[in-house]
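Here it is, the structure in full.
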């Protein structure tokens, strides 16, 4: 392959499946650079709770789009799309493989696919959020169902329902119309790491325990002083929301750990649902002793 035809490689799958390690190994084997596609790893200082690879575990491989936001800032998938595509072009111009690594499904798709993102109107969004406070989530979703039943059935959290209603009022089009058929923006290969659910549950529980031992509570304390609570995105991150309650004296560490593990399992289930729905993903067993070989073969033959 010439530099201009190198595909974008995306390593996807549930949290705790080993995506970061495989990304580094592929970059070392093939000659590549990593692009972060975990929306919580955009944030400076959110290291332990997001399982961000420490510098000394990155194998000398350049990592892009890590630590690009303060915790008070809101992540934007449309901004990420522009940044990721610019980074992809720069990496390919150096003759290297761009390797997208992360489990934030919409962000992965924004980088890889022909996908349009409508604008936003802060005043309109505030009005819809006020309506949410007034009438409640189910009533607001019922309103969305009248104009966009596809999105109403698919979206299960208040923030995304608010966004869907905002898009409809701004554009006159249903939010679901902005998620077209899956078509790559440029050549790409997606590799998914498959983990059996019982094994994944054990790995996730162990990972949360490790985060606590590494100092997650102290990390949350530092970020709290930096404005974590005012960040609409960062303050909701797994582990951080729970350990803020420890700082407030509402929970003890054990309760925060238990709730974080439960929430992380649910999140991993949603990730699997998202990526399993994409027939273009090649699934590989995460614990295959020949994983790197299998991944490399899938890329070179894909």
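Here, each number is a calculation from the coordinates, and none is a lab measurement. Quick caveat: nothing in here was measured; it's all calculated off a predicted structure. Please note: Cβ atoms are built from the backbone with ideal geometry, for glycine as well, and neighbour counts cover all protein chains shown.
At a 10 Å Cβ-Cβ cut-off, how would you order 134, 176, fewest neighbours first? It would help to have the intermediate numbers written out before the result.
Working: 134 9, 176 18.
Exposure proxy ranking, most exposed first: 134, 176.
Pairs of Cα atoms under 8 Å, at least six residues apart: use those to get the relative contact order of the chain, whole percent. Present the calculation step by step, with values, prior to reporting the outcome.
Numbers: 436 pairs, mean separation 82.2, N = 302.
So the answer I get is 27 percent.
Semi-axes, largest first, in whole Å: what does sqrt of 5 times each Cα gyration tensor eigenvalue give for the chain? Mind dumping the intermediate values first?
Details: eigenvalues 185, 135, 66 Å².
Equivalent-ellipsoid dimensions as semi-axes: 30, 26, 18 Å.
Still on this structure, please answer the following. If we count other beta carbons within 10 Å of each Cβ, what is the order of 171, 72, 50, fewest first?
Values: 171 13, 72 17, 50 24.
Final ranking by Cβ density, sparse to dense: 171, 72, 50.
Just need log10 I(q)/I(0) for region 198-270 at q = 0.13, 0.14 Å⁻¹, Debye formula, equal scatterers on the alpha-carbon atoms, no solvent, rounded to two decimals.
With no solvent term, the Cα-only Debye profile gives -0.36, -0.42.
Continuing with the same structure: Please list, in order, the residues from region 68-83 whose amide nitrogen is less than 17 Å from a point placed 7 Å along the Cα→Cβ vector of residue 126.
74
If you wrap a convex hull around the alpha carbons of region 122-178, what volume per residue comes out, as a whole number of Å³? Write down the numbers at each step before the final one.
Values: hull volume 3.8 nm³, N = 57.
With only Cα atoms used, region 122-178 gives 66 Å³ per residue.
Could you tell me what percent of the DSSP beta bridges with both partners in the chain are antiparallel, to the nearest 5?
Details: 1 of 22 bridges.
DSSP beta bridges in the chain are roughly 5 percent antiparallel.
Report the relative contact order of region 122-178, percent, no decimals, based on alpha-carbon pairs under 8 angstrom and at least 6 residues apart.
Details: 47 pairs, mean separation 19.2, N = 57.
Relative contact order comes out at 34 percent.
If I take the Cα coordinates of region 1-134 and project them onto the principal axes, what are the three extents in Å, biggest first?
Computed over the Cα atoms, the extents are 55, 33, 23 Å.
Between residue 135 and residue 294, what is the spin-label point distance in nm, taking each point 7 Å from the Cα along the Cα→C-beta axis?
4.9
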